[in-house]
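The values are calculated or read from the model by the stated rules, or taken from the named source; none is laboratory data. Predicted, not measured: the structure shown is a model, and the values here were computed from it. In this analysis, Cβ positions are derived from the backbone assuming ideal geometry, glycine residues included, and neighbour counts consider all displayed protein chains. The protein model used for the area step is the full one, side chains on, heavy atoms only, and it has no ligands, DNA or RNA in it. Shrake-Rupley method; radii C 1.70, N 1.55, O 1.52, S 1.80 Å.
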Amino acid sequence: MEINEKKRAAAITAVVAYIETEEEAILSPPPQRPAPREFEQGNLWGLSGRQGMMQMRSLMQMKAFNRLR
């Protein structure tokens, strides 16, 4: 089976280009990671209490609206 010379040259060029990009990737330094963000957590007990109140109100509304059906 005879391969066309242009196809052979294109395949060899593609393989060489792939190998060169892999070598560049190995030799390049790893990307810098950004510093982690700092934030205040606030009052976690207050947040938990507000969340509990919202859940209770939601349950009460679901119960009230279910009776209207």
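On the stretch given as segment 21-46, residues that are at pLDDT below 90 and surrounded by 10 or more Cβ atoms within 10 Å (Cβ to Cβ) total 1.
Would you call ILE3 modelled with pLDDT under 90, open to solvent by less than 100 Å² (accessible area, probe 1.4 Å) and not hydroxyl-bearing (Ser, Thr, Tyr)? It would help to see each step written out before you state the result.
On the way: modelled with pLDDT under 90: yes; open to solvent by less than 100 Å² (accessible area, probe 1.4 Å): yes; not hydroxyl-bearing (Ser, Thr, Tyr): yes.
When the stated conditions are applied, ILE3 passes them.
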